[in-house]
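Below: one structure, written as structure tokens.
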Amino acid sequence: MSAQSSPQSPEALKELAARAAVAYITDGMTVGLGTGSTASHAVRAIAERMATGLRIVGVPTSQQTDDLARSLGVPLAELDAVAGLDITIDGADEIDVHGFNLIKGYGGALLREKLVARATRRQIIVGDASKVSLRGLTQKVPVEVVRFGATHTARALAQLGTEPVLRLRDGAPFVTDEGHIIYDCAFGPIADPAALAATIKGLPGVVEHGLFVGLTHTIIVAEQDGVRTWQR
């Protein structure tokens with residue numbers, strides 16, 4: 001097999017999708033900057049375009065993205081300092097390309113990501129083919145909860161038919177940028193994401209969850225044979 005026909009790595013595909021999304025950005029836009037490995041490729045591609053004259057203001061969805069953007073010279077603003085965002089570019093952990101629904105939050109930034117998504121005019125989700133589901137949403141749903149009474153919140157989640165698993169890092173509970181903890185909840189194939197989203201959000205102690213329903217406008221996925229785009 002020649003070098004030209006060799007399969008591209010997952011990281012190369014993520015970068016390809018991210019660069020395709022960054023092409024939607026025009027001068028003067030306010031841009032939501034997502035969190036995770038795919039979104040970081042977008043931040044780097046934005047910085048490259050800024051070096052040739054592009055002017056934007058970024059709104060980061062995590063401290064990790066904030067640090068990366070500042071290191072690359074991307075000007076930033078807080079969400080409360082902007083009236084809205086023109087575009088947000090972010091990744092996802094599972095993408096339903098038919099229903100335009102997502103599972104996000106494996107990187108722990110789901111709360112800020114959802115706040116930014118709700119404030120943006122065009123949410124662009126990027127990824128490689130491994131993130132795409134043709135059977136709807138099936139992966140674990142991250143649920144961010146306040147630490148006070150967290151075991152009681154976990155019991156309430158269990159009554160929805162899941163076994164909440166506390167997310168750990170280095171043997172201790174993973175703590176989000178906002179000081180909360182996360183339970184990862186397997187529900188199996190999710191027949192009605194909107195209904196489940198509303199039920200989870202209605203539980204006392206739940207801050208946010210990783211079901212992103214009705215928030216995505218464009219999906220860009222890089223595959224071995226090229227880039228595919230879905231528009232809603």
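Within segment 191-229, being closer than 12 Å to residue 101 by Cβ, in a strand (DSSP E or B) and touching a Ser or Thr at 6+ places or on another chain (Cβ under 9 Å) holds for one residue alone: 219. Residue under question is residue 232, and the condition is that it be outside the structural domain of residue 123 (by TED's automatic domain parsing), in contact (Cβ under 8 Å) with a residue 24 or more places away in the chain, closer than 16 Å to residue 132 by Cβ and out of contact with any helix residue (DSSP H, G or I) (no Cβ under 8 Å at 6 or more places or on another chain); does it hold? Against the criterion (outside the structural domain of residue 123 (by TED's automatic domain parsing), in contact (Cβ under 8 Å) with a residue 24 or more places away in the chain, closer than 16 Å to residue 132 by Cβ and out of contact with any helix residue (DSSP H, G or I) (no Cβ under 8 Å at 6 or more places or on another chain)), residue 232 qualifies. The numbered conditions (1) among the polar types (S, T, N, Q); (2) modelled with pLDDT of 95 or more; (3) more than 23 Å from residue 217 (Cβ to Cβ) are all true for residue 61 except (3). Annotation: residue 119 fulfils all but one of (1) touching a Cys at 6+ places or on another chain (Cβ under 7 Å); (2) closer than 28 Å to residue 14 by Cα; the unmet one is (1).
Note on segment 186-229: residues that are under 17 Å from the mean Cα position of the chain (by Cα) and not β-branched (Val, Ile, Thr) amount to 11. Checking each residue in segment 1-37 for being polar (S, T, N, Q) and either over 25 Å from residue 80 (Cα atoms) or more than 15 Å from the chain's Cα centre (by Cα) (or both) picks out 2, 4, 5, 6, 8, 9, 26, 30, 37.
Of all residues in segment 163-190, exactly one satisfies the criterion of being acidic (Asp, Glu) and farther than 28 Å from residue 100 by Cα, namely 170. Would you check if residue 11 is at pLDDT 95 or above and of a type in the set (D, E, K, R)? No, not satisfied.
The set of residues in segment 179-222 that are of a type in the set (Asp, Glu) and surrounded by 15 or more Cβ atoms within 10 Å (Cβ to Cβ) comprises 184, 208.
Just to be sure before I move on: is residue 139 surrounded by 15 or more Cβ atoms within 10 Å (Cβ to Cβ), of a type in the set (S, T, N, Q), under 25 Å from residue 222 (Cα atoms) and touching a residue at least 60 places away in the same chain (Cβ under 8 Å) in the structure I sent? No; evaluated as a whole, the condition is false for this residue.
The values are calculated or read from the model by the stated rules, or taken from the named source; none is laboratory data. Keep in mind that what you see is a predicted model, and the values were worked out from it rather than measured. Cβ coordinates were reconstructed from backbone atoms using ideal geometry, including for glycine residues, and neighbour counts include every protein chain displayed.
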